[in-house]
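Accompanying notes for the structure given below.
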Amino acid sequence: MRNAELGVRNESNDLYARMNRRRVEMESMRDAMLVTSGRLDTSMHGRPVDVASDASNRRRTVYGMVDRQSLPGLFRAFDFASPDASAERRPKTVVPQQALFGLNSPYVLEQARAIAARSEVNGAKDDAERVAALYRVILARSPDGDETKRGMKFLRAGGPVAQLAQVLLLTNEFTFVD
């Protein structure tokens, strides 16, 4: 039975079954793309690295350098807390700049190309298998019939596999937690 049928209310949003959808933080999203592409550098410790402008950087985002004088646009677009002040929590916004980051980012394109080059995607015998492999790698599920048809239609029209991978990386299913 549903909670509503049982008379259970969830105004405090503390029941997992009734949790509000939320966008994954930039750090988790970036790391998830690296894991999905098979390129995550899992080494521990070390100096901070430029995760904002170096598209080929494979280090976890926790090792990202934060320049207090010039916070990169990537961090600002994804609600990075101001490094000059303490903050109880980060603001949570969903704005068009976040989607544009995915469409125009060399980093996302690099991860999409790496996914397209993975053996389970690149070695697929036909477009239907290739679409299914992309869904399994990126979204951890098989595509339904309509998704397979649309993916095959895109690939048969000359669309690059990496571009289809990029689209799947930018879906709400990948970037939001339900």
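Karplus couplings for region 133-142 from phi (6.51 cos²θ - 1.76 cosθ + 1.60, θ = phi - 60°), rounded to Hz, Gly and Pro as x?
So the Karplus estimates, Gly and Pro as x, are 5, 4, 5, 5, 5, 8, 9, 6, 7, 8 Hz.
Using amide H atoms built 1.01 Å from N in the peptide plane, name the residues 5+ places from Phe176, or on other chains, whose amide H lies under 5 Å from its own.
Val24
In sequence order, what are the phi-derived ³J(HN,Hα) couplings for region 103-110 according to the Karplus relation 6.51 cos²θ - 1.76 cosθ + 1.60 with θ = phi - 60°, rounded to whole Hz, with x for glycine and proline?
6, 10, 6, x, 4, 5, 4, 4
First select every other residue whose beta carbon is under 15 angstrom from the beta carbon of Gln163; then total the charges, Lys and Arg +1, Asp and Glu -1.
+3
Tell me which residues come under 5 Å, amide H to amide H, from Leu170 once H is placed; ignore anything under 5 positions away on its chain.
none
Going by how many other Cβ atoms sit within 10 Å of their own, how do Lys125, Lys149 line up, fewest first?
Listed from fewest to most nearby Cβ atoms, that is Lys125, Lys149.
Bear in mind that the values in this text are calculations on the coordinates, not laboratory data. Note that the structure is predicted; figures quoted are calculated from it, not measured. Neighbour counts run over all protein chains shown; Cβ positions are idealised from the backbone, glycine included.
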